[in-house]
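A.B. asks: The structure's right below; bear with me while I get my questions together.
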Amino acid sequence: STTTLTTPQNQVESLMHELADEAGLDLNMELPQGQTGSLASTMASTEQDELSQRLSKLRDQVE
Amino acid sequence: LTMSAKTNASKGRDSCEVIKNYHKQAFEYISKALRIDEDDSEKGEAVQWYKKGIAELEKGIAVEITVQGDQYERAKRLQDKMVTNLTMAKDRLVLLVCNHNT
């Protein structure tokens, strides 16, 4: 959206850190190696599922 | 989300990354094809994107998975889904090409 584009990056970042502090999170914390890999795999699988759904929808349409 | 391969990645991890990268490329191409196809606009253009996507899916499916355990299962599942979409995309391509020529 336009709001995102016009909001200065540093303002966004400081707000994120503020919120993270309140929630007691560390934004610099990274997920363990294995976990990021599994997250990416899950995302990829979901994306493939999406393609399957759209392809089967087209297939089922009466030509 | 960064999916760049880490330099310290083992050989096994690489095969998973390679599959994921082919998936990413295939997803991009076939999504483009679908957008055109679903829109009922110029089908000839969709054909080109389907072909590109199919080529990427085939490359991803051909990658030998060199990891074991959970990582193997995840990579295998992804490849299985790519096989399904390869078949479906090919079927769709045949249909479009035949309709296009008649």
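The values are calculated or read from the model by the stated rules, or taken from the named source; none is laboratory data. Note that the coordinates shown come from a computational prediction; the quantities given were computed from them, not determined experimentally. Note that we place each Cβ from the backbone using ideal geometry, even for glycine, and neighbour counts take in every protein chain shown. We work out accessible area using only protein heavy atoms, side chains counted, and drop any ligands, DNA or RNA first. Shrake-Rupley method; radii C 1.70, N 1.55, O 1.52, S 1.80 Å.
A.B. asks: Which residue is most open to solvent (accessible area, probe 1.4 Å), if the candidates are limited to the range B:17-73 and must be assigned to a helix (DSSP H, G or I) and farther than 20 Å from residue B:90 by Cα?
C.D. replies: Of the residues in the range B:17-73, the ones assigned to a helix (DSSP H, G or I) are B:17-39, B:43-62, B:70-73.
Filter again for farther than 20 Å from residue B:90 by Cα, leaving B:17-18, B:20-21, B:70-73.
Numbers: B:17: 18, B:18: 59, B:20: 9, B:21: 78, B:70: 113, B:71: 58, B:72: 81, B:73: 96 Å².
Ranking the qualifying residues of the range B:17-73, first place goes to B:70.
A.B. asks: For residue B:37, all conditions in the list (1) within 20 Å of residue A:43 (Cα to Cα); (2) within 9 Å of chain A (Cβ to nearest Cβ) hold save one; what is the number of the exception?
C.D. replies: Failed condition: (1).
A.B. asks: Condition test on residue B:9, is it modelled with pLDDT under 95, open to solvent by less than 30 Å² (accessible area, probe 1.4 Å) and more than 14 Å from the chain's Cα centre (by Cα)? Write out each step before concluding.
C.D. replies: Values: modelled with pLDDT under 95: yes; open to solvent by less than 30 Å² (accessible area, probe 1.4 Å): yes; more than 14 Å from the chain's Cα centre (by Cα): yes.
Yes.
A.B. asks: Output the number of residues of the range A:13-63 satisfying the condition of being at pLDDT below 75 and either away from chain B (no Cβ under 13 Å) or open to solvent by 40 Å² or more (accessible area, probe 1.4 Å) (or both).
C.D. replies: Keep residues of the range A:13-63 that are at pLDDT below 75, which gives A:22-37, A:62-63.
Filter once more, keeping what is either away from chain B (no Cβ under 13 Å) or open to solvent by 40 Å² or more (accessible area, probe 1.4 Å) (or both): A:22-36, A:62-63.
So the count comes out to 17.
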